[in-house]
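Take a look at the structure below.
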Amino acid sequence: MSKEEESREVLPTKEYYNPKMGNYQEVYRRSIEEPDRFWQDQSKILDWFKGFDEVLDDSNPPFYRWFKGGKLNLSYNAVDRHVKMHRRNKAAYIWIAENGEEKIITYDGLYRRVNNFAKALLDMGMKKGDRVVIYLPMILEAPVALLACARIGVIFSFVFAGFGAGALADRIKDSGAKMVITSDGANRSGKVIDLKGIVDEALEQTSSVGTVVVVKRTGNSVNMEEGRDIWWHDVVKDGQAYVDPEWMDSTDPLYILYTSGTTGKPKGVLHSTGGYGVWVASTLKWAFDPQEDDRWWCAADIGWVTGHSYIVFAPLILGLTSIMYEGAITYPAPDRMWEIIERYRVNILYTSPTAIRTLMRYGEKYPRMHDLSTLKTLGTVGEPINPSAWKWYYENIGYSRCPIIDTYWQTETGGFAIAPSLNLGLPPLKPGSATFPMPGIEPTILTDSGKEVKPNEKGFIVYNRPWPGMFMTLYNDPERFKSVYFEKFKGKYYCGDYAVKDSDGYYWLLGRADEVLNVSGHRLGTIEVEDALITSQEVAEAAVFGKPDEVKGEVIVAFVVVKESAADDRDIVPKLRKRIREDLGPVYVPEEIHIVKSLPKTRSGKIMRRVVKAVALGQVPGDISTLENSASVDEVKAAIEEFKKVAKN
């Protein structure tokens, strides 16, 4: 038995670990065998202005359309319907800043803010179908901006505020955004990040943006260009504006979220309104079973799909109270997360394996300083969680009594795809396994030739049928949508991940099968880092790959061939790091940059990245019969040995 298989143990069954899985099997069966009736019933989780004519239009695969003919608005579902009932004065968000500043916004208060900003957007000329890029930190204006856009039918594209000017410019250009919503700065680990300056730099590379709305958050001095830039507080008037929510078709676009690919620029994942809304609300209810008085903390960033789905839309549709934190989880001390849980009596915590491993390094003393007894459920997101981190989380944060909802999903799936279901019946949990598929998800694990693997064999995970939360297409690129996701295995959605299904039917996700890195739960394309390196005037060639890391999952490693003109530049590595930080953002900066004279290539001139990675990690490089120059392998080995020697000293 392999070490990997040995880690797949079942925890002792607790009273909430139902071996019969409650209603799960029956609900799942209905979702697969009677999908139209099942989703007809499930759609009632939303309020519709007009009922739909057809549950699923599958006449033009893979461009599936859910709840066709239905009319609704997700801003209405997130706020309006709650202010008409007992939740009017319930807290929608409890917001905490790094410095301890606190704001509580009720559903009525959120309703007013959303309407006021929606009115401002209309007054500035925005209309249904226009695109807006949002580049904000974790402040309350972020969900307000999303909901205001959704209210009037403006398609938003939220860009993570850790990205640099180049990455931001690419997203503005591809979406054709007419407006950018940003802030003067962001607070992170006690420092102020100049977001407005990054926007200014990005706009020098674009031409579509006519208006920049700026939230005054940090008070640092920023440039405000006359005729283009305007303060949020100047356009959002005090008072009680009301904007009729636009009657959106279920199949109208809600947002574009860019995600990294193996080739070319990031892909603009386009999500619908009705199918997405039904999916995220349903999956949150199924997986975590949140109750009316629970306090839910999804400790992600709104800039990622986790934040879109489970900080904004799903919890608000369900009428929950969410914790929202602006800042680093280790600042000003490593007990920041535990202190927030104790102070605000958090009931459900949903965070990443990277965060868990980071906090593990500080030991058990920090969580033991705080009363975490209000926690009843834990969750993980962003990457497969290793069993040791799972156990630490379970024992030290959940006191060996809180089930862990390990969720597997992607930007493209909209919400959870495989996860334990507390609401439908929780199975015995295996540390490191996402357990079983959500209703409507029908996975299969295949070999490269498309043959189904046997239990406990590794293969590619695919989905055999569409589900309501699946994205509609790639923005401006339907051909890429078809080729990337549906051509490898005809008629099936290709996730791009490896997985194993064990003999008990549990799914174990094993990471990416393509050249997409998973760094601290962020999916980053190797090609993006390589492009940033090669566009530097000093670099001739570059090869980038992911190196396993105990905390981050993977870290970025780059091997670079510099031009003769830069061969004697001793500052070349810091210069390259600085360039990537400025162009793409700090999350893209390689942990290691190695300078070599040549890279392994085929005789046709293609860089053999798998060979670079294997040699650098001390693995067998496999078939190198097509290698042009064996000396290049020695170059990689020598660079690694030199790096180890320097690190040791």
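Modelled spin-label separation between M124 and R368, with each label point placed 7 Å from Cα along the Cα-to-Cβ direction: 5.1 nm. With a/c under 1.5 counting as rounded, go ahead and sort region 519-648 into rounded, prolate or oblate using the C-alpha gyration tensor (a ≥ b ≥ c being the square roots of the eigenvalues; past the cut-off, prolate if a/b is larger than b/c, else oblate). Note, shape of region 519-648 comes out rounded. Considering only I580, Y111, A543, and ranking their Cα positions along the charge dipole of the chain that arises from unit charges at the beta-carbon of Lys, Arg, Asp and Glu, the one farthest toward the positive end is Y111.
The distance between label points at W231 and R361 comes to 4.0 nm (points 7 Å beyond Cα on the Cα→Cβ vector). Name the aspartates and glutamates eligible as straight-distance cross-link partners of K103: C-alpha to C-alpha under 20 Å, and not fewer than 8 places from it in the same chain. Cross-link targets: E141, D184, D238, D293, D294, D301, E326, E339, E342. Name the shape class, rounded, prolate or oblate, that the alpha-carbon gyration tensor gives for region 391-440, where a ≥ b ≥ c are the square roots of its eigenvalues, rounded holds for a/c under 1.5, and otherwise prolate holds if a/b is larger than b/c and oblate otherwise. Verdict is prolate for region 391-440.
Going highest first, how would you order 359-368, 333-342 by mean Cβ packing within 10 Å?
Packing proxy ranking, top to bottom: 333-342, 359-368.
Ordering S388, S352 from the fewest to the most neighbouring beta carbons within 10 Å gives S388, S352. Of the beta bridges in the chain, as assigned by DSSP with both residues counted there, near 60 percent are antiparallel.
Treating only the Cβ of Lys, Arg, Asp and Glu as charged (+1, +1, -1, -1), what charge dipole size does region 167-247 show about its Cα centre? Round to the nearest 20 debye.
My answer is approximately 300 debye.
Sorting 469-477, 490-498 by their mean Cβ neighbour count within 10 Å, with the most densely packed peptide first, gives 469-477, 490-498.
Per residue of the chain, what 222 nm ellipticity follows from adding -39500 (n - 2.57) for every DSSP H run with n ≥ 4, rounded to the nearest 500? Numbers along the way, then the final one.
Values: 19 runs with 177 residues, N = 649.
After summing the helix terms and dividing by the residues of the chain, the value is -8000 deg cm²/dmol.
Within straight-line reach of K285, meaning a Cα separation under 20 Å, sit the following lysines at least 8 residues removed in sequence or on another chain: K20, K44, K90, K376. If you count Lys pairs in region 519-648 whose Cα atoms are under 17 Å apart, skipping same-chain pairs closer than 8 places in sequence, the total is 14. Diffusion coefficient (Stokes-Einstein, Kirkwood radius over C-alpha pairs, 20 °C, 1.002 mPa s) for the chain: 84 µm²/s, rounded to a whole number.
Straight-distance candidates among the lysines for linking to K178, with alpha-carbon spacing under 18 Å and chain neighbours fewer than 8 residues away dropped: K119, K127, K128, K196.
Remark: the chain carries a charge dipole of roughly 640 debye about the Cα centre, counting +1 on each Lys and Arg Cβ and -1 on each Asp and Glu Cβ. Listed peptides 86-97, 373-384 appear in the order 373-384, 86-97 once ranked by packing, highest mean of other Cβ atoms within 10 Å at the front. Available extension along the chain between K44 and K103 is 18.0 nm, counting 0.36 nm per residue and deducting the alpha carbon span.
Ordering V199, P137, A165 by the projection of their Cα atoms onto the charge dipole of region 137-218, which places +1 on the Cβ of Lys and Arg and -1 on the Cβ of Asp and Glu, puts P137 at the extreme positive end.
Which of G277, H594, H233 sits closest to the plus end of the dipole of the chain, meaning its Cα is farthest towards the positive end, when Lys and Arg get +1 and Asp and Glu get -1 on the C-beta? Checked the options; the winner is G277. About its Cα centre, region 519-648 has a charge dipole of approximately 200 debye under the convention of +1 per Lys or Arg Cβ and -1 per Asp or Glu Cβ, with nothing else charged. Can you classify region 151-200 as rounded, prolate or oblate using the Cα gyration tensor, where a ≥ b ≥ c are the square roots of its eigenvalues, rounded means a/c under 1.5, and otherwise it's prolate if a/b beats b/c and oblate if not? Because a/c hits 1.5 or more and a/b exceeds b/c, region 151-200 counts as prolate. With the simple model of a label 7 Å out from the Cα in the direction of the Cβ, R401 to D634 spans 6.5 nm.
Here D502 and R37 are evaluated by their C-beta separation; at R0 = 30 Å the FRET efficiency comes out at 0.45.
Read the figures in this text as sums done on the coordinates, not as results from a lab. Quick caveat: nothing in here was measured; it's all calculated off a predicted structure. Because the Cβ atoms are built from the backbone with ideal geometry, glycine has one as well, and the counts that use them run over all protein chains shown.
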